1. What accessible area, in Å² to the nearest ten, does a 1.4 Å probe give for residue 180?
2. Spit out the partnerless Cys residues in the chain, using Cβ distances under 4.7 Å as the pairing rule.
3. Express in whole angstrom the spacing between the alpha-carbon centres of the range 137-177 and the range 208-253.
4. Determine by what factor the alpha-carbon radius of gyration of the range 58-155 differs from 2.2 N^0.38 Å, reporting the quotient.
5. For the range 72-152, calculate the relative contact order in percent as a whole number, restricting contacts to Cα pairs under 8 Å that are 6 or more residues apart.
6. In whole Hz and in residue order, list the ³J(HN,Hα) couplings for the range 193-207 that follow from phi through the Karplus curve 6.51 cos²θ - 1.76 cosθ + 1.60, θ = phi - 60°; x for Gly and Pro.
7. Debye sum, Cα scatterers, the chain, no solvent: what log₁₀ I/I(0) at q = 0.10, 0.13 1/Å?
8. How large is the dipole of the chain about the Cα centre if only Lys and Arg carry +1 and Asp and Glu carry -1, each at its Cβ, rounded to the nearest 20 debye?
Amino acid sequence: MINSTLVSYFTFGAYVDTGMFKYLWFMIIMCFYVVILCTNVLLIVVICMNRSLHEPMYLFLCSLFVNELFGSSGLFPFLLVQILSDIHTVSAPLCFLQIFCLYTYANVQFYNLAVMSYDRYLAICYPLQYNTRMAFNKVTMLIAVTWLIPLLNIVVMISLSASLQLCGNIIDRLFCDNYSVVKLGCSDTTVNNIYGLMYTFIVLFGLAIIIFYSYMRILRVCFSGSKQTRQKAISTCTPHLASLLNFSFGCFFEIIQGRFDMNGAPIMLRIFLSLYFLTCQPLFNPLMYGLNLTKIRIICKSLVFGKM
């Protein structure tokens, strides 16, 4: 039995030797990262610098875009280094740091989407009371909760994982993830499993109920309301629903990749499933919201192409 303090590094088993093609993959991943940085930073600047966008919906969007920059920065620089490296290893502290970044990103994303669904529910179902129910202080509190609860959860989760005794150091993934580290443990992982299940069913299941309830009420108002109400609901909810579905599919792919034996699957499929969750969402959201929300689209056009 190897004590976890003796495991100074982890080795990744999912990388394959691509020869000179590694430079092509490096350029592709680098372009992805640059586009994600530019689009998310552009929308953050647009929301922060324009007082007309200092509304709850756009402030929640700003939190969403900041989180996507945070999650992308936890993956892409690491991935770029690994692509060019001949030995795919990472030190244990950096591995746990990456787990912290990626899991915080995923949790904050889910909280953010839940809060945004609640915001749309109030805006469509209680339009006359919206400004009172979604005052600035409440928006600030919701954004703080969106970040603080996931941060606390991930700190506890990593503390439990880092204290495990490990019998190996090979992670069959492209990056560090908590479940792969826990699987290497040869000490009792009951506490880790109980904590993970409790958090999943109490917190994440609770957020799923909030999202489901919000959209059931929104649909009810849409079917019974006027044409103008339906148009407003469609224009503001379509980007959020698309983002929610994309994020859900990404989570589903990640669960399949982590929980089931994928060694029989083609290597490119395994790579796609590994990276979809962390690459498509940060690129998908800015494009979806930037193209669909009229206020943001007009301001972005004036910034990029000059005054219209």
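1. Ignoring ligands and nucleic acids, residue 180 comes out at about 10 Å².
2. If one checks each Cβ against the other cysteines of the chain, 31, 38, 48, 62, 101, 125, 222, 237, 251, 280, 300 turn up with nothing under 4.7 Å.
3. 28 Å
4. 1.39
5. Relative contact order here is 33 percent.
6. Here the 3J(HN,Hα) series is 5, 5, 4, x, 5, 4, 5, 4, 7, 7, 8, 5, 5, x, 5 Hz.
7. Relative scattering, expressed as log10 I(q)/I(0), comes to -0.63, -1.00.
8. Its charge dipole is roughly 1480 debye.
The values are calculated or read from the model by the stated rules, or taken from the named source; none is laboratory data. Computed from a predicted model, the values in this text were never measured in an experiment. A quick note on method: Cβ atoms are made from the backbone with ideal geometry, for glycine too, and the neighbour counts reach across all protein chains shown. Accessible surface areas use protein heavy atoms only, side chains included; no ligands, DNA or RNA. Shrake-Rupley method; radii C 1.70, N 1.55, O 1.52, S 1.80 Å.
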